[in-house]
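Beneath this line is the structure, given in structure tokens, with notes to follow.
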Amino acid sequence: MHIKSATFNTSYPRFKDMPETQFPEFAFIGRSNVGKSSLINMLVQRKNLAKTSSKPGKTRLINSFMINDSWNLIDLPGYGYAKVSKKKRNMFGDMITEYLEQREQLFCAFVLIDLRIPPQPIDLEFMDWCVVKEVPIAIIFTKCDKLKTTKRHTQRETFLAALYQRGWEQVPHFFESSSVKSEGREEILDFISNVMKG
Ligand code: GDP
């Protein structure tokens, strides 16, 4: 997919503020600091479309971008940056779960995983939750430039093995990416095109 245009639409403080639209949506989500803003900017080749490096605890908003006048890129708030009390209704935040559970326009949510670190319980739990709620997901491993080929392979296999250990019968489609080297860009954009074509 060639990116002809990418513009900021609006930020929404709550899911229920999001209007219905006719456009397919592809969402990006992950733990704070996973490299989400960098990845979004790399995908659409705009330096500062998504705001990088988030101070933990910054205002949590759903940001929507219009791409090629044909689909919306949805930048969801990061999860797991703060300890959440057990009493709180859910550990990922209402905005995120309401969006993923209820948004009819959602074609796929990309779950970003930092490939440099071991599988994190919160990422695995989040992905389990997506399966239970039947949210369509794909994985994007980030910061791959930081790893040598062998390490990269073992880290990826370790993550996928963790899913199998949790009872997954099939792992989601996955991509390896580097915002520094623009790796994974074509594959992810082609995947989006194909999902939209159905
Ligand atoms: P966000 O909080 O998920 O939006 O993460 P950011 O995009 O702000 O990135 C967090 C940190 O990781 C920043 O210091 C980025 O420069 C760094 N980073 C993000 N993506 C990559 C990548 O692909 N490779 C490398 N080496 N660093 C990255």
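On the stretch given as the stretch 148-198, residues that are assigned to a loop (DSSP other than H, G, I, E, B) and open to solvent by less than 80 Å² (accessible area, probe 1.4 Å) total 8.
Pairs linking a residue in the stretch 45-61 that is at pLDDT below 75 to a residue that is more than 12 Å from the ligand (Cβ to nearest atom) and part of a loop (DSSP other than H, G, I, E, B), with Cβ atoms under 8 Å and 6 or more positions apart or on different chains, are 56/82; 57/82; 59/13. Evaluation of residue 109 against the conditions (1) within 16 Å of the ligand (Cβ to nearest atom); (2) small (Gly, Ala, Ser); (3) assigned to a helix (DSSP H, G or I) shows that the sole unmet condition is (3). Within the stretch 121-147, count every residue that is assigned to a helix (DSSP H, G or I) and either farther than 22 Å from residue 187 by Cα or small (Gly, Ala, Ser) (or both). Adding up the residues that qualify gives 11.
Take the residues of the stretch 136-147 that are among the hydrophobic types (A, V, I, L, M, F, W, C) and closer than 30 Å to residue 104 by Cβ: which is most open to solvent (accessible area, probe 1.4 Å)?
137
If you go through the stretch 149-195 and pick out every residue that is more than 22 Å from residue 125 (Cβ to Cβ) and in contact with a helix residue (DSSP H, G or I) (Cβ under 8 Å, 6 or more places away or on another chain), you end up with 13. Whether a residue is at pLDDT below 95 and more than 8 Å from the ligand (Cβ to nearest atom) was assessed, and residue 24 does not pass this test.
Sort out which residues of the stretch 37-48 are within 20 Å of residue 79 (Cβ to Cβ) and open to solvent by 30 Å² or more (accessible area, probe 1.4 Å), and write them in order of number. Matches in the stretch 37-48: 38 only. Close Cβ contacts (under 7 Å, 6 or more residues apart or on different chains) running from residues in the stretch 129-147 that are of a type in the set (D, E, K, R) to residues that are more than 10 Å from the ligand (Cβ to nearest atom) comprise 133/100; 133/101.
The values are calculated or read from the model by the stated rules, or taken from the named source; none is laboratory data. Quantities reported herein were computed from a predicted structural model and do not represent experimental measurements. Glycine also receives a Cβ, built like all others from the backbone with ideal geometry; neighbour counts cover every protein chain displayed. Ligands, DNA and RNA are excluded from the accessible area calculation, which covers all protein heavy atoms including side chains. Shrake-Rupley method; radii C 1.70, N 1.55, O 1.52, S 1.80 Å.
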